[in-house]
1. Most mobile of 76, 50, 63 per a Gaussian network model of the chain (Cα springs, under 10 Å)?
2. Where Rh is the Kirkwood radius over the Cα pairs of the chain, the temperature 4 °C and the viscosity 1.567 mPa s, what D in µm²/s does Stokes-Einstein return?
3. How do 91, 49 line up, fewest other C-beta atoms within 10 Å first?
4. Helix-derived [θ] at 222 nm for the chain: sum -39500 (n - 2.57) over DSSP H runs of at least 4, divide by residue count, nearest 500?
5. What distance in nm separates the simple spin-label points at residue 5 and residue 89, each placed 7 Å from Cα in the Cβ direction?
6. How long is the gain from residue 28 to residue 66 if the chain were fully straight, where each residue apart is worth 0.36 nm and the alpha carbon distance is subtracted?
7. How big is the gap, in Å, between the Cα center of segment 67-85 and the Cα center of segment 10-37?
8. To make sure I understand, if each residue's beta carbon is the centre and we count other beta carbons within 10 Å, what order do 35, 44 fall in, fewest to most?
């Protein structure tokens, strides 16, 4: 489960709790409702900003790869070679 899913579930649970407390009109409960509603609004904004940021980064990477395909191929190859080297460098030679 990722952070966005966890946060979305927490927001949904908090909203369900608020709806169950809708009929309670005491000042303490109303103050708590106000705080929770503000927290939910902040969480939703945070999720939205995170999603927007990921989309911007994805578009940036796609644009860079389209403009410089050979650099992307070379970088991918270098990463693959480095991972293969790391994976096999710890093995002892068998005689």
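1. 76
2. 71
3. 91, 49
4. -30000 deg cm²/dmol
5. Rounded to a tenth, the inter-label distance reads 3.5 nm.
6. Taking residue 28 through residue 66 to full extension adds about 8.0 nm, to one decimal.
7. Rounded to whole Å, the Cα centres lie 52 Å apart.
8. 35, 44
Since every read-out is calculated from the coordinates, none of them should be taken as a lab result. None of these values were measured; they are calculated from a predicted model. Every residue, glycine among them, receives a Cβ derived from its backbone with ideal geometry; neighbour counts consider all protein chains shown.
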